[in-house]
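The values are calculated or read from the model by the stated rules, or taken from the named source; none is laboratory data. If you're wondering where the values come from, they're calculated on a predicted model, not measured in any experiment. Note: ideal-geometry Cβ built from the backbone for every residue, glycine included; neighbour counts use all protein chains shown. Areas reflect the complete protein model, heavy atoms only, side chains present, ligands, DNA and RNA absent. Shrake-Rupley method; radii C 1.70, N 1.55, O 1.52, S 1.80 Å.
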Amino acid sequence: MLRYQLINREWIISRTARSVYRAAAVASMLLFPVLWLAIEGDGRIAPFLRPLLFIAVLGMALTGLGMEYFLFRFDDSGALKQVFWFCVMLFAPLGPALYCFLVYSRSDMVKECADRTPGLPG
């Protein structure tokens with residue numbers, strides 16, 4: 001078994017995975033506002049920002065890993081388009097989140113699997 005086959009297909013393409021990656025993408029988009037508040041805000045809100053910062057970084061990591069794996073293994077678009085999205089995904093946290101919303105969520109493979117898999121709504 002090769003290394004890249006250690007990740008189960010359902011972890012990337014399923015209704016639950018689609019919901020998890022979308023939520024992680026939204027959380028990763030919160031990274032810039034949370035960092036801005038942490039730097040510019042007063043010290044009284046710092047204890048509330050630390051958990052939000054942790055969630056945003058965790059969402060960024062999850063979205064980045066999942067979307068790169070989808071790009072390399074399951075994306076059936078053209079080579080030039082894949083190279084473009086690879087370059088866009090280098091700019092975390094916005095790149096992987098954009099790829100998640102614009103490519104991954106609209107992928108026929110993900111839609112088919114989400115339509116036939118019972119689980120979370122979406």
Legend entry - Subset of the range 70-85 [assigned to a helix (DSSP H, G or I) and surrounded by 15 or more Cβ atoms within 10 Å (Cβ to Cβ)]: PHE70, LEU71, GLN82, TRP85
Inset, instruction - Could you list all residues from the range 31-69 that are open to solvent by 100 Å² or more (accessible area, probe 1.4 Å) and more than 30 Å from SER107 (Cα to Cα)? - result: TRP36, ILE39, GLU40, ARG44, PHE48, ARG50
Inset, instruction - Would you be able to say whether some residue in the range 55-73 is touching a helix residue (DSSP H, G or I) at 6+ places or on another chain (Cβ under 9 Å), within 21 Å of SER19 (Cβ to Cβ) and of a type in the set (D, E, K, R)? - result: yes
Inset, instruction - Quick one: count up the residues across the range 98-122 that are open to solvent by 50 Å² or more (accessible area, probe 1.4 Å), at pLDDT 80 or above and either in contact with a strand residue (DSSP E or B) (Cβ under 8 Å, 6 or more places away or on another chain) or of a type in the set (A, V, I, L, M) (or both). - result: 3
Legend entry - Residues of the range 7-30 classified as touching a Phe, Trp or Tyr at 6+ places or on another chain (Cβ under 9 Å), crowded, with 20+ Cβ neighbours inside 10 Å and not hydrophobic (A, V, I, L, M, F, W, C), total: 2
Inset, instruction - Residues being farther than 27 Å from PRO33 by Cβ and of a type in the set (Ser, Thr, Tyr): count how many of those fall in the range 64-101. - result: 2
